[in-house]
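Presented below is the structure to which this report refers.
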Amino acid sequence: AIFLHSFSGYGVIKSNNLRLILSPSLHLESHEGIRGDKFLEVPQIVWGLNNQKIAFARACLTARMLNRTLLMPSLSASLFYKEIDLLHPISFDQVFQYERFNSLCNRFVRLGRYSDLGNQTGKYDLRKGSGRKWTVERDLEQLKQSSRGPIDKYQVISMAGKNPFLWHDHWPVKDYARVFECLVLVDEIAKEADKVVSKIRRIGRKLRSKTNFGAEGSSLSHAPYVAIHMRVEIDWMIHCKKLEQRSRISQICSSKQEIMERVGNIVGLGSTAIVYLAVADSLLNDSSILDGWKRGLVPFEKKKLGVDGIYKKHSYLIQSAIDYEVCSRADIFVGNSFSTFSSLIVLERTQRVIRMGITSSCGIDVRWPSYAYNIPGESNGPQKWMTNMSDSNLKAISYGSNAISC
């Protein structure tokens, strides 16, 4: 008798005198290290793009703890998170590559489709606790109980209640980073980001050709640019002031003037540089956002760059995904350490640097450097910023937390 992996449950195949027995125990480990016959279902994922990415990763890691495949969740194309009927659900595979995700996250976490479901053992509705009495410890114990006994017999565990972004966190930063690395934009969105980056570099090459950077013998094939996630919107400034009061931390908010001054003082920036401003659409008609920069720093936002039409034809979620990619690819990135958008970009860039064998940017120049403009650093410039990948949970880089290290 030969035991083989089974992809459809119990069964027996007869071939001449050879009897092949399909083993259900092997079946549990047959697909990428995660059971393919047990699933976890989560509510629609909401809020901004990067909060949705965190929620998705948290759902994946919850499924991993339960040794289950995560049923591909719905994301939210719009930013409205209070009016449920305005959330405009969008399938995960309309934003990120489904097959590529499973390939890159092989044997770590796994996504499944609803078409993978059978009708063998039904669904169990599991409500996540809430309120002050629902502690991290109680949440963890609930998950442990769900991974064994009667609950685990159900084909689907369906998590009811709040958005996964608000679930308690039980996993280290490196596990989140592993999931984030598997998120690859679909070609349609990636190509839109390519157009924006190409436009920035094309303008940069023209600028460099008119300066000493374009002197004979220098290469114009790669025009570096600085991307700044510029949080100066009115709603952000109101929120960050309240956050400073609650947390008793004075280094959260930054004015436009403070950002411009600190970016201009980045050591080694050079005398001429293209600066891409990732700002809210409400500021695109505010020409003052482009005024007052240090001589040699040439700022562009979507409208001045002539790419606002690329963004306008997409939903909020896709616009944010394009801007994230543009900032992530920048030669220098500068953001706010209390912003989820900025924090996840720095985490991704930190991963790249670590793969080059560098674990700290203190006292050295590294490729893909990142800075936090809300924290003063060397020569009154922004503070160098790398994610601490050894943290025990995502709180260190999550919204509302300070995660600065050189």
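The values are calculated or read from the model by the stated rules, or taken from the named source; none is laboratory data. What you see is a predicted model, and the numbers here were worked out from it, not measured in a lab. Please note: Cβ atoms are built from the backbone with ideal geometry, for glycine as well, and neighbour counts cover all protein chains shown. Areas reflect the complete protein model, heavy atoms only, side chains present, ligands, DNA and RNA absent. Shrake-Rupley method; radii C 1.70, N 1.55, O 1.52, S 1.80 Å.
Around the amide H of residue 158, modelled in the peptide plane, lie the amide H atoms of 41, 124, 125, 126, all under 5 Å away and 5 or more residues distant in sequence or on another chain. For the stretch 298-313, the Karplus equation 6.51 cos²θ - 1.76 cosθ + 1.60, evaluated at θ = phi - 60°, returns couplings of 10, x, 9, 10, 3, 5, 5, 6, x, 10, 4, x, 4, 6, 4, 7 Hz by residue, with Gly and Pro reported as x.
The residue list 73, 134, 96 was ranked by how far each Cα lies along the charge dipole of the stretch 35-182 toward its positive end, using unit charges on Cβ atoms, and 134 comes out on top.
Counting only protein heavy atoms and a 1.4 Å probe, the stretch 35-182 has 46 square angstrom of accessible area per residue. For 394, 104, the ranking by accessible surface with the largest value first comes to 104, 394, using a 1.4 Å probe.
Candidate cross-link partners of residue 210 among the lysines, defined by an alpha-carbon separation under 19 Å and a same-chain spacing of 8 or more, comprise 199, 294. Listed by chain and number, the lysines placed with their C-alpha closer than 30 angstrom to that of residue 144 are 38, 53, 123, 128, 133, 153, 162, 174, 395; residues fewer than eight positions away on the same chain are left out.
Ranking of 333, 300 by solvent-accessible surface, largest first: 300, 333 (1.4 Å probe, protein heavy atoms only, all chains present). Of the accessible area of the stretch 35-182, computed with a 1.4 Å probe over protein heavy atoms only, carbon and sulfur atoms account for 49 percent. Calculated FRET efficiency, residue 78 to residue 206, Cβ-Cβ distance, R0 = 30 Å: about 0.20 to the nearest 0.05. Only lysines eight or more places from residue 195 in sequence, or on another chain, were considered; those with a Cα closer than 16 Å are 302, 303, 304, 312, 313.
Estimated from the Cβ-Cβ distance and a Förster radius of 25 angstrom, the FRET efficiency linking residue 187 and residue 312 is about 0.80.
Surface composition of the stretch 317-362: carbon and sulfur atoms hold 53% of the protein heavy-atom accessible area at a 1.4 Å probe. Sequentially through the stretch 98-106, phi angles give Karplus couplings (6.51, -1.76, 1.60; θ = phi - 60°) of 5, 5, 5, 4, 5, 5, 6, 9, 3 Hz, Gly and Pro residues having no value and appearing as x.
Taking 7 Å steps out from each Cα toward its Cβ at residue 103 and residue 395 produces label points 3.9 nm apart.
Here the 3J(HN,Hα) profile of the stretch 149-166, calculated from phi with Karplus coefficients 6.51, -1.76 and 1.60 at θ = phi - 60°, is x, x, 5, 5, 6, 6, 5, 10, 9, 9, 6, 9, x, 6, 4, x, 4, 8 Hz, Gly and Pro shown as x. Of the residues 184, 46, the one with the largest accessible area comes first in the ranking 184, 46, computed with a 1.4 Å probe on protein heavy atoms. Using a probe of 1.4 Å, the accessible surface attributed to residue 176 totals some 0 Å² when neighbouring protein chains are kept in position. Put a dot 7 Å past the Cα of residue 367, heading toward its Cβ, do the same for residue 388, and the two dots end up 2.8 nm apart.
A simple spin-label model places pseudo-atoms 7 Å from Cα toward Cβ; at residue 162 and residue 123 they are separated by 2.3 nm. With 0.36 nm allotted per residue and the present C-alpha distance subtracted, the residue 133-residue 238 stretch has 34.8 nm of extension available. Shape verdict for the stretch 35-182, please, from the Cα gyration tensor: rounded (a/c under 1.5), prolate (a/b greater than b/c) or oblate. It is rounded, given that a/c, with a ≥ b ≥ c, falls under 1.5.
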